[in-house]
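Notes to accompany the following structure.
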Amino acid sequence: MFLGKRHAYSHPYKGMKKNIKKTKTFSGIPLEEQPREKLRIRGAAALSDKELLIILLRTGTKKKNVRMLADDLLKLLDGNKDLPSVLEISRLPGIGLAKACTIIAMLEFGRRRYGSFSARINQPADIFTLVRHYADRKQERFISLSLNGAHEVLAVRIVTIGLVNKTIVHPREVFADIIQDRAAAFCVAHNHPSGNVECSPEDEEITERLLAAARLLGLNFVDHIIFSETAWWSFRENGKLENG
């Protein structure tokens, strides 16, 4: 039956075409790009952090849709070096106690079973693999990776969140957690929201300051990478970090 033809009487399938069209899009997003469909077709690795949280949250509220809730939750998680408490998450408007418990349970289970602690840093690409999911953020994130003597990853943390085009970070903020982890070595990384991964004079300056402090503390500064969603730039590979 041709559904697009108009009839004078009340057609039993009237409005079906309109409803079918609605199932193909969500907030103007094609069906295949919606988080659940994207995960089914392309796998979990293809989703951004925000899209993964959208699937976890499932629904929004009258005042905030699920994408807005995912944005709020992502900001909270990025701003915490460790897992936030259930109370902290439940304070976000639109996220109650039940959802907060689900989120914490998911994060803890992932940390226990699939954490980065067995990863080893042998080359800049290994660092990029662990931090690239931060590349879609609109502000710079300065990230530290604590390593043991075999360059196995002990922890990955956001040290500070900066402006749209720069991150202001002090060495004491970087080394506080690294020392607490009893690390023997470390890496740092930060994203450039512009997509240009070339280092700036400010990037060179902070790297030199971190290297000087690392020498005093007896820590091996393995590398500093600048990254976007599709590329990275390594200080060590470009001869700007030489400390053995």
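The values are calculated or read from the model by the stated rules, or taken from the named source; none is laboratory data. What you see is a predicted model; the values in this text were computed from it and never measured. Backbone-built Cβ (ideal geometry, glycine too); neighbour counts: all protein chains shown.
Summary table
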item: Subset of the stretch 134-145 (residues that are at pLDDT 90 or above, within 11 Å of the chain's Cα centre (by Cα) and not hydrophobic (A, V, I, L, M, F, W, C)); result: Tyr134, Arg141
item: Cβ pairs under 8 Å, 6+ apart, first in the stretch 117-136 and without any contact (Cβ under 8 Å) to a residue 12 or more places away in the chain, second among the small types (Gly, Ala, Ser) and surrounded by 13 or more Cβ atoms within 10 Å (Cβ to Cβ); result: Asp126/Ala119; Thr129/Ala119
item: Selection within the stretch 129-145 - of a type outside the set (Phe, Trp, Tyr) and not in a loop (DSSP other than H, G, I, E, B); result: Thr129, Leu130, Val131, Arg132, His133, Arg141, Ile143, Ser144, Leu145
item: Any hit, the stretch 101-111, residues being more than 30 Å from Ala185 (Cα to Cα), free of Cβ contacts under 8 Å to residues at least 24 places away in the same chain and in contact with a Cys (Cβ under 7 Å, 6 or more places away or on another chain); result: no
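Residues are listed down the side, and each one gets a yes or a no for (1) surrounded by fewer than 21 Cβ atoms within 10 Å (Cβ to Cβ); (2) at positive phi; (3) touching a residue at least 60 places away in the same chain (Cβ under 8 Å):
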position: Asp181; (1), (2), (3): yes, no, no
position: Cys187; (1), (2), (3): no, no, yes
position: His190; (1), (2), (3): no, no, no
position: Glu208; (1), (2), (3): yes, no, no
position: Leu211; (1), (2), (3): yes, no, no
position: Leu241; (1), (2), (3): yes, no, no
